[in-house]
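Bear in mind that the values in this text are calculations on the coordinates, not laboratory data. Model, not experiment: these values are computed from the prediction. Cβ placement follows ideal geometry from the backbone for every residue including glycine, while neighbour counts extend to all protein chains displayed.
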Amino acid sequence: MNHTANERRTTMSANRELLDLYVERYNASDLDGVMELYADDAVQGMPDGTFEGRTAISERLAEELNGFTEVNHTVRSFVEQGDAFCDEWTFAGTHSAPLLLPDGRELAPTGKRVEIAGMEYCLMRDGKLVMNTLYYDTLSVLG
């Protein structure tokens, strides 16, 4: 099947538009808006574990968004193929509230500005995220 350049751009823009909307809502701490972009059976893989379903993903994101203020997530690069895409990103935020660590301990707020570089692999189905797996250095969170 031979696709025209416009057809390829349309496919690319659908994935990129979703990513841009996700980033816009995340930076605004709009957790409900972010969660609208996930399928009910979505899975999120993180360095600290796997979160299955919208409820688990929402709880993890709430912890993150509650722990940081002045959040700025920036996409640095983007590639896609079909229903999958990858992007490199930078997260920056001020650690202003306690964060729950994977071992159950709590990290007291440091008041420091934290910057983390990472990347993710995402899979879409019917215009929703069904999987996103993030890769980054967890020690950089400790600032």
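The table for this structure:
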item	result
Gly82 vs. criteria out of contact with any strand residue (DSSP E or B) (no Cβ under 8 Å at 6 or more places or on another chain) and in contact (Cβ under 8 Å) with a residue 40 or more places away in the chain	yes
Region 39-65, subset of a type in the set (S, T, N, Q) and surrounded by fewer than 16 Cβ atoms within 10 Å (Cβ to Cβ), residue farthest from Ile116 (Cα to Cα)	Thr55
Lone qualifier among Ala39, Ala28 - being farther than 24 Å from Thr138 by Cβ and in contact (Cβ under 8 Å) with a residue 40 or more places away in the chain	Ala39
Options Leu61, Leu99: the member that is touching a residue at least 24 places away in the same chain (Cβ under 8 Å), at negative phi and touching a Gly at 6+ places or on another chain (Cβ under 6 Å)	Leu99
Strands (runs of 3 or more DSSP E) completely within region 19-134 that count 3 or more residues being of a type in the set (Gly, Ala, Ser)	38-46, 84-95
Count of region 87-124 residues which are loosely packed, with under 15 Cβ neighbours inside 10 Å and over 24 Å from Ala62 (Cβ atoms)	0
Residues within region 66-91 that are touching a Phe, Trp or Tyr at 6+ places or on another chain (Cβ under 9 Å) and within 14 Å of Glu115 (Cβ to Cβ), tallied	9
